[in-house]
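Participant: The structure under discussion is supplied below as structure tokens; questions concerning it will follow.
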Amino acid sequence: MAVHILVIDDDVIIRRLFSMYLQKQGFLVSNVPSVEEGLEILRHSKIDVVICDVIMPGMNGFDFLKIVKSDSALKRIPVIVLSATGLQEEMLLLEFKASRVLSKPCMPQELEKVILELMQKGED
């Protein structure tokens, strides 16, 4: 069964790039432009890994992490957070229990490597 990835990013180009690359690698990918839509999918679908941008209009990546990590049904899902702002924010994201923080711009190959590492870690 394919690993199901949810990409949450308000940038349509980033969503398309990651979705197309990950689908070619055999992943099932859903993508949405907002945290609110991402939470809706997360609650109604079996998602294995989430990729979420930090800075978005409305709810942001911090809000997403707070909600997901406080929900007993969702908190075990690995969340990879994409950050373009720097080290201080990355430290804070790790405090919010992000599984990994990757700096933007991020190559799809790097993202795939992290996804595979997280999936392997989950099987241990």
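Participant: Mind checking whether some residue in the range 29-38 is surrounded by 14 or more Cβ atoms within 10 Å (Cβ to Cβ) and within 16 Å of Q109 (Cα to Cα)?
Facilitator: Yes.
Participant: N31 versus (1) under 22 Å from M119 (Cα atoms); (2) of a type in the set (S, T, N, Q); (3) modelled with pLDDT of 90 or more; (4) over 11 Å from the mean Cα position of the chain (by Cα): which is the lone unmet condition?
Facilitator: Condition (4) is where N31 drops out.
Participant: Could you check Q25 against (1) under 13 Å from L111 (Cα atoms); (2) surrounded by 19 or more Cβ atoms within 10 Å (Cβ to Cβ) and say which number it fails?
Facilitator: (2)
Participant: So which residues in the range 93-111 are in a helix (DSSP H, G or I) and buried (at least 18 other Cβ atoms within 10 Å of the Cβ), if there are any at all? Steps first, answer last, please.
Facilitator: In the first step, residues of the range 93-111 are kept if they are in a helix (DSSP H, G or I); the result is 93-95, 108-111.
The answer is L93, L111.
The values are calculated or read from the model by the stated rules, or taken from the named source; none is laboratory data. In this text, all values refer to a predicted model and were calculated from it rather than measured experimentally. Positions of Cβ are backbone-derived with ideal geometry, glycine not excepted, and every protein chain shown enters the neighbour counts.
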